[in-house]
Amino acid sequence: MGQAMSFGLTQYDVEDLVRYSKDCFTQREIEALYQRFRSLDRGHKGYISAEEFMNIPELSINPLAHRLERIFESVNFKDFVLLLSAFSTRAAVEDKVHLIFAVYDSDGDGIVSADDMELMLRQLAGSTLSDGELRTLVSRALQQASAEKGLTREQFSKAMRNTDLGAMCVSIDASMF
């Protein structure tokens, strides 16, 4: 039965979360994530706030931390597991692309528009690109994808098809628990 009961999760809860994560996490990894979640949830509310989310050092230094913060705003443990599952080495490419799309779709309208792309590039590149260079890159990307007004999720997935997303991973150190 493992250590799940001592963490406040039942064995059934852990098995359910393994399935919910599409087998991206093992039982020990779920238990480790639960411990991490509980340490982030300082008020023991059952969810983590944006401020608590930003206390994760590995994510707070990411140039897209504020975009991720919006996605992780007030998530309970089940949603925390699902969102983090996209960062697993066992995650399907489509699940990773789905999360990337959500990050890039800054206004949440279901389309990655030129404005969305410019915002993301500005956050990633900082001041290394001029406004003109940003607009040129975005314009080229939209032309190559044959998408004048922006990319739908389907078009975005197609554009990302040959992208290596291997670096989009985190490891869960379950041996600590």
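Given the structure, is residue 126 without any contact (Cβ under 8 Å) to a residue 12 or more places away in the chain and more than 10 Å from the chain's Cα centre (by Cα)?
no
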TODO: Quick one: which helices (runs of 4 or more DSSP H) lie wholly within segment 21-61 and hold at least 1 residues that are hydrophobic (A, V, I, L, M, F, W, C) and touching a residue at least 12 places away in the same chain (Cβ under 8 Å)?
DONE: 27-40, 50-53
- [ ] State all residues of segment 63-78 that are within 24 Å of residue 107 (Cα to Cα) and either open to solvent by less than 60 Å² (accessible area, probe 1.4 Å) or touching a Phe, Trp or Tyr at 6+ places or on another chain (Cβ under 6 Å) (or both); if no residue qualifies, say none.
- [x] 64, 65, 67, 68, 69, 71, 72, 74, 75, 76
Open item on the list: I'm checking my understanding of the structure. Among residues of segment 14-39 that are buried (at least 19 other Cβ atoms within 10 Å of the Cβ) and among the hydrophobic types (A, V, I, L, M, F, W, C), which one is nearest to residue 74 (Cα to Cα)?
Closed with: 37
Open item on the list: All but one of (1) free of Cβ contacts under 8 Å to residues at least 24 places away in the same chain; (2) open to solvent by 50 Å² or more (accessible area, probe 1.4 Å) hold for residue 105; state the number of the condition that does not hold.
Closed with: (2)
Open item on the list: Looking at segment 50-60, can you tell me whether even one residue there is farther than 30 Å from residue 125 by Cβ and either open to solvent by less than 60 Å² (accessible area, probe 1.4 Å) or of a type in the set (A, V, I, L, M) (or both)?
Closed with: no
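Can you tell me which residue is farthest from residue 143 (Cα to Cα) among those in segment 79-102 that are among the β-branched types (Val, Ile, Thr) and open to solvent by 50 Å² or more (accessible area, probe 1.4 Å)?
Taking segment 79-102 first, the residues among the β-branched types (Val, Ile, Thr) are 81, 89, 93, 97, 100.
Then keep just the ones that are open to solvent by 50 Å² or more (accessible area, probe 1.4 Å); that gives 89, 93.
Working: 89: 32, 93: 24 Å.
Ranking the candidates gives 89 first.
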- [ ] Just one of (1) closer than 30 Å to residue 148 by Cβ; (2) among the aliphatic types (A, V, I, L, M); (3) assigned to a loop (DSSP other than H, G, I, E, B) trips up residue 103, so point out which.
- [x] (3)
Open item on the list: Please go through (1) open to solvent by 40 Å² or more (accessible area, probe 1.4 Å); (2) farther than 26 Å from residue 42 by Cβ; (3) assigned to a helix (DSSP H, G or I); (4) modelled with pLDDT under 90 for residue 133 and return the number of the only condition it doesn't satisfy.
Closed with: (4)
- [ ] Taking the residues in segment 108-130 that are among the aliphatic types (A, V, I, L, M) and open to solvent by less than 30 Å² (accessible area, probe 1.4 Å) as candidates, determine which candidate is nearest to residue 70 (Cα to Cα).
- [x] 120
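The values are calculated or read from the model by the stated rules, or taken from the named source; none is laboratory data. Since this is a predicted model, take the numbers as computed values, not measurements. Every residue, glycine among them, receives a Cβ derived from its backbone with ideal geometry; neighbour counts consider all protein chains shown. The accessibility values were calculated without ligands, DNA or RNA, using every heavy atom of the protein model including side chains. Shrake-Rupley method; radii C 1.70, N 1.55, O 1.52, S 1.80 Å.
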